[in-house]
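Peer 1: Dropping the structure in here first, questions after.
The values are calculated or read from the model by the stated rules, or taken from the named source; none is laboratory data. The model shown is predicted, which means the values in this text are computed figures rather than measured ones. Cβ coordinates were reconstructed from backbone atoms using ideal geometry, including for glycine residues, and neighbour counts include every protein chain displayed. Please note that ligands, DNA and RNA were not included when accessible areas were found on the heavy atoms of the full protein model with its side chains. Shrake-Rupley method; radii C 1.70, N 1.55, O 1.52, S 1.80 Å.
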Amino acid sequence: VVPDLTERVRDYLRENGAARTDMRPFLQYQNAAEDFTIQVGFAVETPLEGVGDIVRRDLPGGKAVAALVAGRPTMGDHSDWSTIIEYAVEQGYQFDVEWGGVGGREEYEQEIAGAGPTRVYLPMDVAP
């Protein structure tokens, strides 16, 4: 699913002459506890309107717990993501409700997701 979504967004940007920024491609997860969704994104210099299910979205700023993972982060019990979430809870952080509860973003060092190190961000509302 992710490679197909990534290619569709990449094609849309190419067809519309969008200049990408230096920010790495990313996956954004939302509503991980309930209604799991994945968004594929590329930062662009000039915003585009989007078409169909390809939409423009601003990335929220703010506080986050961050980690660097070798390769593609794992999900599920005893995974990279569960370790990061457990760390945030143990440290007293509160999850950012704008992200639908527990959700986060992965930025890839290389164009192909998981081919190199991945930066993982878990947005927080309140730091301890």
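Peer 1: Right, PRO123: modelled with pLDDT under 85, more than 19 Å from THR21 (Cβ to Cβ), open to solvent by 80 Å² or more (accessible area, probe 1.4 Å) and not β-branched (Val, Ile, Thr) or not? First the steps, then the outcome.
Peer 2: Values: modelled with pLDDT under 85: yes; more than 19 Å from THR21 (Cβ to Cβ): yes; open to solvent by 80 Å² or more (accessible area, probe 1.4 Å): no; not β-branched (Val, Ile, Thr): yes.
It is false that PRO123 is modelled with pLDDT under 85, more than 19 Å from THR21 (Cβ to Cβ), open to solvent by 80 Å² or more (accessible area, probe 1.4 Å) and not β-branched (Val, Ile, Thr).
Peer 1: I've got another one for you. Restricting to segment 38-62, count the residues that are of a type outside the set (Gly, Ala, Ser), at pLDDT below 80 and in a loop (DSSP other than H, G, I, E, B).
Peer 2: Of the residues in segment 38-62, 4 are of a type outside the set (Gly, Ala, Ser), at pLDDT below 80 and in a loop (DSSP other than H, G, I, E, B).
Peer 1: So in segment 67-98, with the set limited to residues that are at pLDDT below 85 and closer than 23 Å to THR21 by Cα, which one is most open to solvent (accessible area, probe 1.4 Å)?
Peer 2: Among residues in segment 67-98 that are at pLDDT below 85 and closer than 23 Å to THR21 by Cα, the one most open to solvent (accessible area, probe 1.4 Å) is ARG72.
Peer 1: Can you name every residue in segment 47-68 that is more than 22 Å from ASP96 (Cα to Cα) and in contact (Cβ under 8 Å) with a residue 40 or more places away in the chain?
Peer 2: ILE54
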